[in-house]
1. Looking only at residues in the range 68-79 that are within 12 Å of the chain's Cα centre (by Cα) and more than 9 Å from Ala42 (Cβ to Cβ), which one is surrounded by the fewest Cβ atoms within 10 Å (Cβ to Cβ)?
2. Tell me yes or no: at least one residue of the range 81-101 is hydroxyl-bearing (Ser, Thr, Tyr) and touching a strand residue (DSSP E or B) at 6+ places or on another chain (Cβ under 7 Å).
3. Would you pick out the residues in the range 14-29 that are over 14 Å from Asn81 (Cβ atoms) and modelled with pLDDT of 95 or more?
4. Could you please find all residues in the range 97-120 being open to solvent by 10 Å² or more (accessible area, probe 1.4 Å), under 21 Å from Asp21 (Cβ atoms) and either in a strand (DSSP E or B) or of a type in the set (S, T, N, Q) (or both)?
5. Can you tell me which of (1) out of contact with any Asp or Glu (no Cβ under 7 Å at 6 or more places or on another chain); (2) hydrophobic (A, V, I, L, M, F, W, C); (3) in contact (Cβ under 8 Å) with a residue 60 or more places away in the chain; (4) surrounded by 16 or more Cβ atoms within 10 Å (Cβ to Cβ) is the one Ala94 doesn't meet?
6. Return the total of residues in the range 78-94 being over 20 Å from Arg105 (Cα atoms), polar (S, T, N, Q) and outside any helix (DSSP H, G or I).
7. Condition first: over 17 Å from Ala116 (Cβ atoms) and either in contact with a Leu (Cβ under 7 Å, 6 or more places away or on another chain) or surrounded by 15 or more Cβ atoms within 10 Å (Cβ to Cβ) (or both). Now tell me which residues in the range 15-39 satisfy that.
Amino acid sequence: MSNPQQLRYSKEHEWLSAVEDGVATIGITEYAANALGDVVYAQLPEVGDTVTVGETCGELESTKSVSDLYSPVTGEVTAANQDVVDDPSLVNSAPFEGGWLFKVRVAEEPADLLSADEYTAFSGN
């Protein structure tokens, strides 16, 4: 399993793209997707919602369990991935591409996000 080097990672297993024009894309890692099992339902934050770093902003339901989705940043949601809502299995099949979850206009990016190498060491994969 390879974590893309250009992304940053939270200890709650979310990834964050580089901030471009103030907006970052957020998803869950392949490690988290594999741990969840087959994702069958996604509740994502809606456009205009404010998310806060470390707080619950949605949930993913799998054949194994329900898992809260935590925001790795604070800001306003600018997009939610309707493709994932329509086909939650994208979280498993393409967690770093088509399985992204939402986009946020970042107000605050925490200093404790991990690099790909740090996340790999943290998650043990």
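1. Ranking the qualifying residues of the range 68-79, first place goes to Asp68.
2. Looking only at the range 81-101, we keep the residues that are hydroxyl-bearing (Ser, Thr, Tyr), and these are 89, 93.
Remaining after also requiring touching a strand residue (DSSP E or B) at 6+ places or on another chain (Cβ under 7 Å): 89.
Within the range 81-101, one or more residues are hydroxyl-bearing (Ser, Thr, Tyr) and touching a strand residue (DSSP E or B) at 6+ places or on another chain (Cβ under 7 Å).
3. Hits for the range 14-29 are Leu16, Thr29.
4. Lys103, Arg105, Val106, Ala107, Glu108 - these are the residues of the range 97-120 that are open to solvent by 10 Å² or more (accessible area, probe 1.4 Å), under 21 Å from Asp21 (Cβ atoms) and either in a strand (DSSP E or B) or of a type in the set (S, T, N, Q) (or both).
5. (3)
6. Total satisfying the criteria: 1.
7. Val23, Ala35, Leu36, Val39
The values are calculated or read from the model by the stated rules, or taken from the named source; none is laboratory data. Computed from a prediction, not measured in an experiment: that's the story for all the values here. Backbone-built Cβ (ideal geometry, glycine too); neighbour counts: all protein chains shown. These accessible areas exclude ligands, DNA and RNA; they are computed on the full protein's heavy atoms, side chains included. Shrake-Rupley method; radii C 1.70, N 1.55, O 1.52, S 1.80 Å.
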